[in-house]
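Everything below concerns the one structure shown next.
The values are calculated or read from the model by the stated rules, or taken from the named source; none is laboratory data. Computed from a prediction, not measured in an experiment: that's the story for all the values here. Note: ideal-geometry Cβ built from the backbone for every residue, glycine included; neighbour counts use all protein chains shown. These area figures cover heavy atoms from the full protein model, side chains too; ligands, DNA and RNA do not enter into them. Shrake-Rupley method; radii C 1.70, N 1.55, O 1.52, S 1.80 Å.
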Amino acid sequence: MSLSTVETLSSRTTGSQDASIVSIAKKNARVSRYMVSPSVLVLLLWMIVPLSMTIYFSLIRYNLLYPGENEFVGFENYEFFLTDEGFFAGMGNTLLLVGFTLLITVVLGVLISVLVNKAFWGRGIVRVMLISPFFIMPTVNALVWKNLLLHPVSGVFAAVWTFFGAEPIDWFTHYPLTAIIMIVSWQWLPFAILILMTALQSLDQEQQEAARLDGAGPWALFYHITLPHLARPIAVVVMIETIFLLSIFAEIFTTTGGGPGYETTNLAYLIYSQALLQFDVGLASAGGLIAVLLANIAAFFLVRMIGKNLTEA
Amino acid sequence: MSNLTIKNLKKSYADTEILKGINLDIKDHEFVVFVGPSGCGKSTLLRTIAGLEEATSGNIYLDEREITDVAPAKRDLAMVFQTYALYPHMTVRKNMSFALELAGTNKSEIETKVNEAARILELQPLLDRKPKELSGGQRQRVAIGRSIVRHPKVFLFDEPLSNLDAALRVQMRLELARLHHDLNATMIYVTHDQIEAMTLADKVVVLNQGHIEQVGTPMELYHRPANQFVAGFMGMPKMSFLPGQIIAGDNSGLQVQLASGSKLEVPVRAEGLTKGSTITLGIRPEHIQVTDQQEGRFKGRLDVTEHLGSDTFCYVQTSAKETLTVRTPGDFSGRFGDTVGLNFDAAHCHLFGSDGRSLERIQSNF
Ligand SMILES: Nc1ncnc2c1ncn2[C@@H]1O[C@H](COP(=O)(O)OP(=O)(O)OP(=O)(O)O)[C@@H](O)[C@H]1O
Ligand SMILES: [Mg+2]
């Protein structure tokens, strides 16, 4: 046998081995595809059915007050929703609500978690109490604020104002959005504290000591060491809170009902009022889809801005 | 100038006293190493000097200036931590310039100082990296660089090499020695590692349970340990200790009888010791020789042998259940259970009284 035939022989055998390995891998892939298909199917149905129904509703006339008149209207519902005077108010209020709540919870969250990170007597209890508002249902929270704290006659705030000789403020009439922001911030501050407090515990002790030796006072220590350490947890807080704050509903529903006028109507509440107060399912569906679109745009920018912060370092 | 003086320094946490009155003088340009068993208070002493821990009582002076209650940053000291403690979000350059920036030094001066430190430590190519993009040894160099830029009077190191692998540790040890020479600085260095202590130190401070056992050059500690603790602590492997009794004493030394019955005369001063009092004899592994069964001063049964290539360490049990560690050449061929003879020169022996104190040698060649 010549040398070249040996070579071809050997190459042929390894070739066939490769082929068999590939075929096994292919078979495995096929089997696993069959295995996961039921769950993928269920997921698809779960998503596709409501989505396509919403899309369908948004394209027809569908008002519960006029049953049977369900003709195709094209983008009329979208046009109605976008040109509704409530839409821009709702957009603006959503942004204000999310923006200010984020600002308040992050700033206060950082300050409070840095404060309770120092050892002091009764720290455990204080920490538990700081976290506890998070476990109160939003409706209950809003009711407590409405009736016990902000009430212009019997509220705690009114009592304080009167004590100092000032005129009690009727929050829900004069500063309705501010009041809602206060309530929502109170609800979400514990979340920020929880995340940031945990993050602070992983701050290296020796790093802080090194900074102290380098001449950093309390403020420089906070600014140059603590804050950079908290950058990532803050990003997490902002992301998660944004997702939930975009759809705040219960707090508005139980306190102001979106009023006065459109002053506290956010997008979620607007859709609700279109669908169930004006019985216009078609319009509400269009609004829902617009809200989904806006949320996705917001999510896209958030992930671009903050996700980068999360993946690096 | 940078002379550090510590006077009767005490430190307690709650009810437990960790430092029990430390008195120490550290001179300009000295490389001082603190050694001692784990938990003896080395780090606490270093951190108290740095100002990271508050002294309970006592005083610390740096060149006549009392710094006991001065803020850490104002003490003119720099510290290198075991975990490096670099600022993770800053580049190497920023890590090194941080202290200067906080102090409000002007830009060009910062630039020169950082570049100078980077040159000394060969960090120039790494200046724009973040700490996580560096190897352990490079991080350690950055940590040292961070202290160099401040031109402190005293450098403090807390086990700076213990997170490095063995080869890198040797390299960094040499670099530290070179750095000490180049900077001509006063350095205080905490370590567990005897080799680091022996090779780097001008002066070794042996600590035990919060007080100083002995201060001296590495050779003094090796040849003239003040007590049994220091004798046992310095030297690898440990010195062997054998219980014994004094049977006679004169001007040339003490006659001692060991538990196994053999007698020897050790050239130490006999003052204040009476016949029959118990003592402990110490002998280092490198001063014992293995001989034939008949010739040795002792007979023993070979226990474990550890072959290191260059040397072999043998653990030998005598008939009186004493254990001796012996250093033999690398090609030693004795086996487990063999009976061997052991020989040593009485001039190399150390004697410790019942209180653990060394008995003074009459004439020492060392
Ligand atoms: N913050 C503290 N509170 C109470 N006790 C402490 C504190 N820090 C250290 N100690 C105790 O002080 C003693 C000395 O600690 P130190 O860290 O100085 O030991 P060390 O000699 O550096 O030990 P090692 O070689 O293991 O680093 C130990 O017994 C330790 O338990
Ligand atoms: Mg220590």
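Here are some notes:
- Here A:TYR262 clears all of (1) in contact (Cβ under 8 Å) with a residue 60 or more places away in the chain; (2) assigned to a helix (DSSP H, G or I); (3) over 14 Å from the mean Cα position of the chain (by Cα); (4) surrounded by fewer than 22 Cβ atoms within 10 Å (Cβ to Cβ) except the condition numbered (2).
- Number of the exception - A:THR226 against (1) hydroxyl-bearing (Ser, Thr, Tyr); (2) buried (at least 19 other Cβ atoms within 10 Å of the Cβ); (3) away from chain B (no Cβ under 14 Å): (3)
- Applying the criterion of being within 8 Å of ligand 1 (Cβ to nearest atom) and assigned to a strand (DSSP E or B) to the residues of the stretch B:1-18, the residue that is nearest to the other protein chains (Cβ to nearest Cβ) is B:TYR13.
- Scanning the stretch B:311-323 for residues that are open to solvent by 20 Å² or more (accessible area, probe 1.4 Å) and not in a strand (DSSP E or B) turns up B:SER319, B:ALA320, B:LYS321.
- The set of residues in the stretch A:229-239 being of a type in the set (Gly, Ala, Ser) and more than 8 Å from every other protein chain (Cβ to nearest Cβ) consists of A:ALA235 alone.
- Selection over the stretch B:94-124 of residues that are charged (D, E, K, R) and either within 33 Å of the chain's Cα centre (by Cα) or within 24 Å of B:ARG47 (Cβ to Cβ) (or both) gives a count of 4.
- Within the stretch A:265-279, the set of residues being of a type outside the set (Gly, Ala, Ser), part of a helix (DSSP H, G or I) and touching a residue at least 24 places away in the same chain (Cβ under 8 Å) comprises A:LEU267, A:TYR269, A:LEU270, A:GLN274.
- First in the stretch A:231-243 and of a type in the set (Lys, Arg), second anywhere and part of a helix (DSSP H, G or I), Cβ under 8 Å, 6 or more apart: A:ARG232/A:ALA199; A:ARG232/A:ASN309; A:ARG232/A:LEU310
- Answer residue from the stretch A:202-217, given it is at pLDDT below 90 and more than 7 Å from chain B (Cβ to nearest Cβ) and is most open to solvent (accessible area, probe 1.4 Å) among those: A:GLN205
- Residue satisfying condition, being assigned to a loop (DSSP other than H, G, I, E, B) and more than 16 Å from ligand 2 (Cβ to nearest atom), within set B:THR105, B:THR112, B:THR83: B:THR105
- Any hit, the stretch B:285-308, residues being out of contact with any strand residue (DSSP E or B) (no Cβ under 8 Å at 6 or more places or on another chain), open to solvent by 80 Å² or more (accessible area, probe 1.4 Å) and modelled with pLDDT under 85: no
- Hey, A:THR198 under 30 Å from B:ALA50 (Cβ atoms), surrounded by fewer than 20 Cβ atoms within 10 Å (Cβ to Cβ) and assigned by TED's automatic domain parsing to the domain that holds A:ALA142 or not: yes
- Residue list for the stretch B:293-310, filter: in a strand (DSSP E or B) and out of contact with any Ser or Thr (no Cβ under 7 Å at 6 or more places or on another chain): B:LEU302, B:ASP303, B:VAL304, B:HIS307
- Answer residue from the stretch B:151-163, given it is away from ligand 1 (no atom under 16 Å from the Cβ) and open to solvent by less than 50 Å² (accessible area, probe 1.4 Å) and is farthest from the chain's Cα centre (by Cα) among those: B:PRO152
- Taking the conditions (1) in a loop (DSSP other than H, G, I, E, B); (2) touching a residue at least 40 places away in the same chain (Cβ under 8 Å); (3) under 27 Å from the mean Cα position of the chain (by Cα) in turn, B:VAL326 satisfies each one other than (1).
- Taken as a whole, the structure leaves B:VAL32 outside the set of residues that are more than 13 Å from ligand 2 (Cβ to nearest atom) and over 22 Å from the mean Cα position of the chain (by Cα).
- Any hit, the stretch B:160-170, residues being more than 21 Å from B:SER38 (Cα to Cα) and either touching a residue at least 12 places away in the same chain (Cβ under 8 Å) or within 14 Å of chain A (Cβ to nearest Cβ) (or both): yes
- Qualifying residue in the stretch B:37-55 (condition: away from ligand 1 (no atom under 16 Å from the Cβ) and either surrounded by 21 or more Cβ atoms within 10 Å (Cβ to Cβ) or assigned by TED's automatic domain parsing to the domain that holds B:VAL215 (or both)): no
- Residue ID - nearest to the other protein chains (Cβ to nearest Cβ), chosen from residues in the stretch B:27-65 that are among the hydroxyl-bearing types (Ser, Thr, Tyr) and under 22 Å from B:GLN214 (Cα atoms): B:SER43
- Some residue of the stretch B:16-23 being within 18 Å of the chain's Cα centre (by Cα), more than 30 Å from A:ALA231 (Cβ to Cβ) and hydrophobic (A, V, I, L, M, F, W, C): yes
- Just one of the listed residues (B:LEU121, B:LEU52, B:LEU24) is within 29 Å of B:MET198 (Cβ to Cβ) and within 16 Å of ligand 2 (Cβ to nearest atom), and it is B:LEU52.
- Entry remark, the stretch B:237-272: residues being within 18 Å of B:ARG297 (Cα to Cα) and at pLDDT below 85 number 4 in total.
- Candidates A:LEU51, A:LEU82 - the one that is farther than 17 Å from A:GLN278 by Cβ and under 30 Å from the mean Cα position of the chain (by Cα): A:LEU51
- Residue in the stretch A:194-201 that is in contact (Cβ under 8 Å) with a residue 24 or more places away in the chain and touching an Asp or Glu at 6+ places or on another chain (Cβ under 7 Å) present: no
- Of all residues in the stretch B:76-95, those that are open to solvent by less than 70 Å² (accessible area, probe 1.4 Å), more than 10 Å from chain A (Cβ to nearest Cβ) and not β-branched (Val, Ile, Thr) total 1.
- Within the stretch B:103-118, none of the residues are at pLDDT 90 or above, open to solvent by 60 Å² or more (accessible area, probe 1.4 Å), within 14 Å of another protein chain (Cβ to nearest Cβ) and closer than 22 Å to A:PHE222 by Cβ.
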